[in-house]
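Okay, so here's the structure we're looking at.
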Amino acid sequence: MNTVNVSRRRFLRASALAGGGLVVGFSLSGCARAPLPIDPDAGGWVPNAFLQLTGDGHVRFYCPRDEMGQGVSTGLATIIAEELDLDPARFDIVFAGVHEDYDNPAMGMQVTGGSTSIKAHYAPLRQVGANTRALLLEAAALDLGVPAAGLRTDDGHVVHDGARHPYARFVATAARLTAPQAAPLKDPADFRWIGADFPRLDATAKATGTAEFGIDVEVPGMHYAAVRRPPVAGARLKSVDTGAVRDMPGVTDVVEIGSGVAVVAERYWQARKAADALQPVWHDAPLARVDSATVRRDYEQALAGGAVSDGVDVGRVSGPSRGDVDAGMATAETVVEATYWAPHLAHAPLEPMNAVLRIGDGEAELWTGTQSVSGARGLVARASGIDAERIRVHNTYLGGAFGRRGTLTHVTEVTEIALATGKPIKLLWSREDDMRHGLYRPASLMTIRAGAAGGRITAWDARRVGGNITPDTIENALPGLFPAIGDRGVRWIAGAADYAMANWFADGSSIEGLFEDYDFEHLNVAHVTVDHGLPLTFWRSVGHSYSAFAKESMIDEIAVALDADPVELRLANTRNSPRLHNVIRIAGERMAAMQPAPGRHLGFAAHHSFATDVAEIAEVSVTDGRIRVHRVTCVVDCGVAVNPDIVRAQMEGGVIFGLTAALYGNLQLDGGAIRESNFHDYPLLRMDESPEVEVIIVDSGTEPTGVGEPGLPPIAPAVANAVFRATGQRLRTLPLTLEA
Amino acid sequence: MVRFVLNGTPVETDDAPDTPLLWVVRDTFGLKGSKYGCGAGLCGACTMHVDGAATRTCVLPVSAVAGRSVTTIEGIGTPDALHPLQAAWVEHSVPQCGYCQSGQIMTAAALLERNPNPTATEVESAMAGNLCRCGCYPRIKAAILAVGALAHDATRSEETPA
Ligand code: FES
Ligand code: FES
């Protein structure tokens, strides 16, 4: 028998420490600039971090953001191409490696998320395109021996006297010139590609199976790894008998890593079968005492000021406030109060977590689909002790992310496995691993008390109970983004954030969306932190994913109590939010003109998130207790729609993703373990349940704002409000379930 | 040793006979277009055609295809020679993350083989086992119906020459 004893655990971490793994050469600032991670073999001219023009006419676009389906590679290519004056379809798109030039301007880090990409890159990438075009014109004037004033550009060509010269002809001269910093930008009236519909640039690759995802990467000598992890998050390995498994076909190594036990084999199926055959014994973890019912009961107790489970802390803080809510309630003609529940949810991207790592002599190469290549690089550096500057990260297409691919425990795992075995490793999580060992959308209990007088909602008292994502996010993101901070430092900072957000000020992502949209004269927001220890993180639209359900259901409840039209009530109370007011007005007019078939009912909701305003109308029927959403109309104002068809696709996707949550999503804990494991017990909406989605884009002329997330928040309340019209039942619990 | 025909070419593998076809095709033969989503026949990402029928290959032992013909997404079209469904996928900008799309197209292709001009309801029921987390369903449906309508128009124009 071959039993790994717990006292010999974590030798990997210890050896990484001994190798100085926690103090790697990661320049925070001020040091010499690292070279750009540009493919030198492609040659040509590299005027900036984003473009590489070769003499043979190819133009590479190094896309600084990660493509998880939101269409960002098409969108950013379009922005830079517009000013460069080159059809974006002619770009070769490469996902950028790690470099500060690719930081997300909205965050100062190389991270994709928060529906920030188009908004944050719009102005900078236009400028980069314009500067590059100006340089090409200057080079053409020199090469052709004519004044620059007589030249213009047209789709990748410099035009002189009717003759068209491809950009490639001037690349050599341009490479010797100095780029202007602020070449004039196009007049938006002259845009050719921004605002035009054309197929997204990755459509062909994705329709032919040739788009490369992390799971598709192969390197020479690669072995496959599968990992067994504890069923309860935070539990440690006590012992495991690896003897029988070592003799299974193809198995080459069984190694203990920080998160559990890894089996390495020549083929994936061999690794998976062997990992499944292991019978590891785990220590207890505090979360093992927690069921989903415990969570909900503790939240309700905390809300009522009662006692919660032993060992669970309750932290109370005040959020934003104005006026005098008590006075507002006292003078209100009508006061409505209700409590809403939203459960934990998994992201369930269709591609499970995976990573491929090759470690060489003092250097390493990682392939993975991630929302942060720099975070991924830092994690490899941290676990291996290899200098971050000597680690190359190749980002691939992401098979869905929704916030999940910002946390990269699989990258730490693959590094530990590759180090322990000395082999290039592909680590692939199973669907069950993905469902059960991830990080989750926090559950939320939300109470709103609202007072109305004279058709105005005058007082709003909102309270949310639940866990905060920021401390977990810090704990997971810091080690990769700032490898110079040691493990104890990370734990200290995350612990401090945890304490501060429980006791001093609310985590913004816990209360966002609960109170901002309407003109309440008197406002009170409070937060009660109750955290049982399930790992939490961003999930598409974050706090808005639950707060919009509470807020927009409550608005509908007020309308019912006042016997008011729900759209009119919203219009009368959004004077301070003109863009939201406008989408409500347009959607309201659409709704007024709709004539749903007998048995079908309409529900309305509107919400502002990620700087974008969205109103949605759901057409719903209820038959034998089953809710069916037939049609959704979505009115969105995201400023300039860089690619209107992708805006529509993101609204469609947001609605359908949100409907899965509204109708099915319910991740449950049994003794601290996730009960759901795969799509039979964590179902996703299917095509035959999916509504038609009509999208109306309102362009208010502002610069573009996000579209990846804002389509989601209004859909659950729109459906719940329609169900109320259909049945008289007010559903305040997600997923929406009718009483028998 | 299991022998079968993969995209028209006879192949043989010494993978264990219980190895799901998906892993044999992806890792032994290097065709990465077919995807792993659930490993339990629940999502359709791994769909290939076995003797023309859309089949979940994550739960199909390779031994079960001995002597049979397997077609993958790589076998129905390429970027330079798109299958009509693939062309419609591009035209309708169907994919978001793209991960489910090979499986979607393979299920749709099998549907159109047996029913060249399906109704919307027929499309929905044929496609109900192919999950898309990104929510591309409205476009998948529109693209399939568009190809069906093309087939319909083609038949009609054959029947009534202009
Ligand atoms: S991977 Fe085969 S059905 Fe999901
Ligand atoms: S396109 Fe992402 S799962 Fe379908």
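Rolling a 1.4 Å probe over the heavy atoms of the protein chains gives region A:601-740 an accessible area of 28 Å² per residue.
Tell me the net charge near A:Pro644. Cut-off is 13 Å between Cβ atoms, A:Pro644 excluded, with +1 for each Lys or Arg and -1 for each Asp or Glu. Numbers along the way, then the final one.
Numbers: positive: A:Arg200, A:Arg648; negative: A:Asp197, A:Asp637, A:Asp645, A:Glu652, A:Asp699.
Computed value for this residue: -3.
Per-residue SASA remark: B:Met1, around 140 Å² accessible (1.4 Å probe; ligands, DNA and RNA not included).
Long-range amide H contacts for A:Ile257: which residues qualify at under 5 Å (H placed 1.01 Å from N, peptide plane, sequence gap of 5 or more or a different chain)? Hits under the 5 Å cutoff: A:Ala262.
The three principal axes of the C-alpha atoms in chain A carry coordinate ranges of 80, 78, 48 Å, sorted with the longest axis first.
Total accessible area buried between chains A and B, 1.4 Å probe, in Å² to the nearest 100? Don't skip to the answer; put the middle values down first.
On the way: alone 28790 and 8350 Å², together 32610 Å².
Counting both chains, the buried surface is close to 4500 Å².
Across peptide B:116-125, the average count of Cβ atoms from other chains found within 10 Å of a residue's Cβ is 1.
Each part gets one Cα centre, and for region A:60-139 versus region A:635-694 those centres are 28 Å apart. Based on DSSP H segments of at least four residues, each scored -39500 (n - 2.57), the protein assembly as shown has a per-residue ellipticity at 222 nm of -10000 deg cm²/dmol.
Within region A:202-238, the residues that become at least 10 Å² less accessible when every protein chain is included than when their own chain is isolated (1.4 Å probe; DNA, RNA and ligands ignored) are A:Ala203, A:Thr204, A:Lys206, A:Ala207, A:Thr208, A:Gly209, A:Thr210, A:Phe213, A:Ile215, A:Asp216, A:Glu218, A:Tyr224.
With 20 Å as the limit on Cα-Cα distance, the pairs of A:Lys206/B:Lys32; A:Lys238/A:Lys426; A:Lys426/B:Lys35 that go past it are A:Lys238/A:Lys426. Here the accessible area of region A:177-265 is 53 percent carbon and sulfur, with a 1.4 angstrom probe and all protein chains present. For region B:67-162, which whole-number percentage of the solvent-accessible area (1.4 Å probe, protein heavy atoms only) is attributable to carbon and sulfur atoms? Reported share for carbon and sulfur atoms: 55 percent. Taken as Cα centroids, region A:543-586 and region A:605-628 sit 12 Å apart, rounded to the nearest whole angstrom. Computed over chain B with a Gaussian network model linking Cα atoms closer than 10 Å, the most mobile of B:Thr57, B:Thr78, B:Thr47 is B:Thr78.
Please give the net charge around A:Gly150, taking every other residue with its beta carbon less than 15 angstrom from that of A:Gly150, where Lys and Arg add +1 and Asp and Glu add -1.
Values: positive: A:Arg152, A:Arg164; negative: A:Glu138, A:Asp143, A:Asp154, A:Asp161.
Result for the neighbourhood of A:Gly150: -2.
Antiparallel beta bridges, as assigned by DSSP with both residues in region A:284-420, represent about 45 percent of the total such bridges. Taking a straight Cα-Cα cut-off under 16 Å and skipping sequence neighbours fewer than 8 places away in the same chain, no lysines fall within cross-link reach of A:Lys186.
Return the whole-Å distance between the Cα centroid of region A:304-348 and the Cα centroid of region B:83-116. Measuring centre to centre over Cα atoms gives 47 Å. Exposed loop sites here are trypsin sites (Lys or Arg not before Pro) in DSSP loop states with at most 11 other C-beta atoms within 10 Å. What is the longest stretch of chain A lacking them? Formally, the longest exposed-site-free interval is A:177-574. The portion of the accessible surface of region A:380-512 made up by carbon and sulfur, rounded to a whole percent, is 53 (1.4 Å probe; DNA, RNA and ligands excluded). Amide hydrogen proximity for A:Thr458: with H placed 1.01 Å from N in the peptide plane, the residues at 5 or more positions away or on another chain lying under 5 Å are A:Gly451, A:Ala452, A:Ala453. Other residues lying with their Cβ under 12 Å from the Cβ of A:Gly75 contribute a combined charge of -1, Lys and Arg counting +1, Asp and Glu -1.
Within chain A, DSSP assigns beta bridges of which about 75% are antiparallel (rounded to the nearest 5).
The values are calculated or read from the model by the stated rules, or taken from the named source; none is laboratory data. This structure is a prediction, so every number in the text was calculated from the model and none was measured. Virtual Cβ from ideal backbone geometry, glycine too; neighbours counted across all protein chains shown. SASA here: full protein model, heavy atoms, side chains in, ligands and nucleic acids out. Shrake-Rupley method; radii C 1.70, N 1.55, O 1.52, S 1.80 Å.
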